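Before any comments, here is the structure.
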Amino acid sequence: MSPILKSVLLFIGAQLFAWFQLNSQYLWEWWRGKAFVSAIVWGIPCSMLFYYAWTTAADSMESVWSARFLGSSVGIFMFPIVTYYLLGESMFTTKTMICFMRDCRKC
């Protein structure tokens, strides 16, 4: 497996764990108000996945900026897909699209 593909897969896993760390409270009532438990259960594996994704990407591309762009790109694709699938929230609302376009102009 190429190091770039390995990095992408690790970033996908990390993004999923990050999503669940922040949004489990909206899926399951049990998680509401349990920030510390969420940080332990979801945060530790999330941190490890991000660490190895970052290290693999930065080492293989010889640039931390490349690792940053790869990780951000994976996150931009993952968040709307998971949010729509699990919470039923689309990013294609007028408000969200205006904010997205405004942010794109800043790049």
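Take the conditions (1) crowded, with 16+ Cβ neighbours inside 10 Å; (2) modelled with pLDDT under 95; M1 misses just one of them, which is (1).
Checked against the criterion of being surrounded by 14 or more Cβ atoms within 10 Å (Cβ to Cβ), at negative phi and either touching a Gly at 6+ places or on another chain (Cβ under 8 Å) or small (G, A, S) (or both), the candidates W54, W42 yield just one match: W54.
In the range 33-90, counting only helices (runs of 4 or more DSSP H) that sit wholly within it, the ones holding 1 or more residues that are within 19 Å of L5 (Cα to Cα) and at pLDDT 95 or above span 44-61, 64-87. Taking the range 56-82 as the range and being without any contact (Cβ under 8 Å) to a residue 12 or more places away in the chain and farther than 15 Å from L16 by Cβ as the test, the residues that pass are A58, E62, S63, V64, W65, S66, R68, F69, S72, S73. When you scan the range 83-90, do you find a residue that is among the hydrophobic types (A, V, I, L, M, F, W, C) and without any contact (Cβ under 8 Å) to a residue 40 or more places away in the chain, even just one? The answer is no, given that none of the residues of the range 83-90 is among the hydrophobic types (A, V, I, L, M, F, W, C) and without any contact (Cβ under 8 Å) to a residue 40 or more places away in the chain.
What do you reckon, is Q21 in contact with a Cys (Cβ under 7 Å, 6 or more places away or on another chain), assigned to a helix (DSSP H, G or I) and surrounded by 13 or more Cβ atoms within 10 Å (Cβ to Cβ)? Yes, satisfied. Quick check on the range 25-37. Is at least one of its residues among the β-branched types (V, I, T) and free of Cβ contacts under 8 Å to residues at least 24 places away in the same chain? Checked against the condition, which is being among the β-branched types (V, I, T) and free of Cβ contacts under 8 Å to residues at least 24 places away in the same chain, the range 25-37 yields at least one hit.
The values are calculated or read from the model by the stated rules, or taken from the named source; none is laboratory data. This is a predicted model, so every value here is computed, not measured. Glycine gets a Cβ as well: all are built from the backbone with ideal geometry, and neighbour counts include every protein chain shown.
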